[in-house]
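The values are calculated or read from the model by the stated rules, or taken from the named source; none is laboratory data. Just so it is clear, the model here is predicted, and its values are computed rather than measured. As a convention, Cβ positions derive from the backbone with ideal geometry for all residues, glycine included, and neighbour counts pool all protein chains shown.
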Amino acid sequence: MKVWKATVRMTFVALAMTVGGLASARADYVVLRSGARLDVTGYEILPDKYILHLKGGVAEVPISEIVGIEPEEIFDPVEAPLNDKTPFEKVIRAAAERYGMDPDLIHCVVAVESNFNPKAVSSKKASGLMQLMPQTAAQYGVKNIFDPEENVNAGTRYLKELLAKYHDLTLALAAYNAGPERVDQYGRRIPPYLETMKYVERIAKSYRKIKSEATAPKLAG
């Protein structure tokens with residue numbers, strides 16, 4: 001699905017091509033005026049355009065089409081079910097029970113969203129353990145967005161409502177990350193944003209692994 005505007009001219013070249021003045025050697029997201037977010041490994045700023053390094057080539061984008069550049073924020077997914085050694089275990093269990101959610105799912109979301117840092121703040125101003133946007137926190141009556149209990153309760157309630165709306169975990173997660181308006185915009189499909197696709201994949205894969213191991217028959221020693 002195309003996410004480029006007509007003014008964006010794509011020019012693919014070999015990865016070995018060297019562009020002088022490379023501004024970044026790590027992954028970043030370039031945010032376009034259209035709402036698309038491009039995963040880039042580097043970029044060069046020219047007087048009237050950016051030259052973006054992507055996987056598989058480069059793209060020339062007019063400066064007027066770029067609204068920002070954000071660092072990629074990646075935390076490791078969890079490998080084990082929620083247990084008494086998990087940070088904020090009691091908070092997660094209480095919120096999950098209150099809203100009828102699987103605590104392992106909330107555990108996976110917290111891990112990928114904030115790496116269990118209650119003071120985490122993203123470049124988009126999402127905050128706390130479940131990275132609530134200010135408007136979402138206000139919607140659910142959160143008074144202190146950095147309070148673990150308030151944050152996880154609101155995030156869990158929000159995710160439950162998204163599950164009720166979409167009846168699909170991957171779409172609910174995509175909506176949690178990119179916003180339900182984006183999921184609806186693309187016909188109730190995961191938006192074609194690499195950040196959102198990575199986010200859904202990381203949580204869903206981790207959650208499936210935890211649940212499959214929990215239900216697998218135990219071998220006798």
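Number of residues in the range 98-139 that are crowded, with 16+ Cβ neighbours inside 10 Å and part of a loop (DSSP other than H, G, I, E, B): the value is 10. K5 meets each of the listed conditions (1) modelled with pLDDT under 70; (2) farther than 25 Å from P192 by Cα; (3) basic (K, R) apart from (2).
This table checks each residue for (1) over 26 Å from R188 (Cα atoms); (2) assigned by TED's automatic domain parsing to the domain that holds E161; (3) touching a Pro at 6+ places or on another chain (Cβ under 9 Å); (4) at pLDDT 90 or above.
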residue	(1), (2), (3), (4)
T18	yes, no, no, no
A25	yes, no, no, no
V30	no, no, no, no
R33	no, no, no, no
D39	no, no, no, no
K49	yes, no, yes, no
I63	yes, no, yes, no
V67	no, no, no, no
H107	no, yes, yes, yes
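Summed over the range 170-180, residues that are more than 21 Å from S114 (Cβ to Cβ) and either under 10 Å from the mean Cα position of the chain (by Cα) or at pLDDT below 95 (or both) total 0. Looking for something without any contact (Cβ under 8 Å) to a residue 60 or more places away in the chain and in a loop (DSSP other than H, G, I, E, B) - is there at least one such residue anywhere in the range 206-215? For the range 206-215, residues without any contact (Cβ under 8 Å) to a residue 60 or more places away in the chain and in a loop (DSSP other than H, G, I, E, B): absent. Can V58 be described as under 25 Å from H167 (Cα atoms), among the aliphatic types (A, V, I, L, M) and either in contact (Cβ under 8 Å) with a residue 40 or more places away in the chain or not in a loop (DSSP other than H, G, I, E, B) (or both)? Against the criterion (under 25 Å from H167 (Cα atoms), among the aliphatic types (A, V, I, L, M) and either in contact (Cβ under 8 Å) with a residue 40 or more places away in the chain or not in a loop (DSSP other than H, G, I, E, B) (or both)), V58 does not qualify. Within the range 142-164, restricting attention to residues that are of a type in the set (G, A, S) and touching a residue at least 12 places away in the same chain (Cβ under 8 Å), the residue that is nearest to D102 (Cα to Cα) is G155. Return the residues of the range 187-197 that are of a type outside the set (D, E) and either free of Cβ contacts under 8 Å to residues at least 24 places away in the same chain or in contact with a helix residue (DSSP H, G or I) (Cβ under 9 Å, 6 or more places away or on another chain) (or both); say none if nothing qualifies. Scanning the range 187-197 gives G187, R188, R189, I190, P191, Y193, T196, M197.
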